[in-house]
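Notes for the one structure printed next.
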Amino acid sequence: IAEDSLAGLWIGTANNAGLKRMDRKTGKFSHYLSGLTITTIHRDKLGDIWVTSESGLFRYDRKSDDFNTNTTENAGFSINEIASLINDDENNLWIAAETGIYKLNKDRTQLSRFGRDNGVDDADNFFQFGASFKSENGKIYFGKEYGYFVFTPAELKTIPGSTQLHFTNFWLKN
């Protein structure tokens, strides 16, 4: 359950019943994302509503009164089997999924994956639905079936830019 800036109450459901938004002024419900089991509802520092499910990451578009998948907005940002989501002190989104932990930067233009090289398995991460927490000192916790991951986002080092590919040989019709 999460509250938006317009006194709306967002309620996630299980068993593929989707997402409900209750207008607390009128008591009326609106229905979204039918056929999905909602794992997390999160309001970021800018007031955007983010929803996760086993089918991916969705952001509410107030103008169209609908949800966009993050893959629609940013080609190549496809994450499935999402269990939980939380933002850090800089408003980056941190996502716990079956394939690792992901960081979506505050501009929502760059996705970084933290996997085996960072101590997170590349597959079969059984994170618990909605099991995320940010402590007062900025540490982020993601709960798993048997334990948890904890890290301080401000202390993680990433290398900006992209990897360059260099060819040393190239053959055609060989």
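The values are calculated or read from the model by the stated rules, or taken from the named source; none is laboratory data. Everything numeric here is computed off the predicted structure, so don't read it as measured data. Every residue, glycine as well, gets a Cβ built from its backbone with ideal geometry; the counts of neighbours run over all protein chains shown. For accessibility, only protein heavy atoms count, side chains too; no ligands or nucleic acids. Shrake-Rupley method; radii C 1.70, N 1.55, O 1.52, S 1.80 Å.
Numerical summary
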quantity: Lone qualifier among Ile1, Ile79 - being surrounded by fewer than 14 Cβ atoms within 10 Å (Cβ to Cβ), in contact with a strand residue (DSSP E or B) (Cβ under 6 Å, 6 or more places away or on another chain) and at pLDDT below 90; calculated: Ile1
quantity: Residue check for Arg62: over 21 Å from Leu156 (Cβ atoms) and open to solvent by less than 80 Å² (accessible area, probe 1.4 Å); calculated: no
quantity: Restricting region 99-126 to residues that are over 17 Å from Glu145 (Cβ atoms) and among the hydroxyl-bearing types (Ser, Thr, Tyr), the residue that is farthest from the chain's Cα centre (by Cα); calculated: Thr109
quantity: Test for Leu9: is it of a type in the set (A, V, I, L, M) and either touching a Lys or Arg at 6+ places or on another chain (Cβ under 7 Å) or open to solvent by less than 80 Å² (accessible area, probe 1.4 Å) (or both); calculated: yes
quantity: Pick from region 41-50, criterion hydrophobic (A, V, I, L, M, F, W, C) and assigned to a strand (DSSP E or B), ranking: nearest to Thr13 (Cα to Cα); calculated: Ile41
quantity: Positions within region 15-24 being under 23 Å from Leu93 (Cα atoms) and outside any strand (DSSP E or B), in sequence order; calculated: Gly18
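This table checks each residue for (1) among the acidic types (Asp, Glu); (2) modelled with pLDDT of 95 or more; (3) in a strand (DSSP E or B).
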residue	(1), (2), (3)
Trp10	no, yes, yes
Thr26	no, no, no
Thr39	no, no, yes
Thr52	no, no, yes
Phe67	no, no, yes
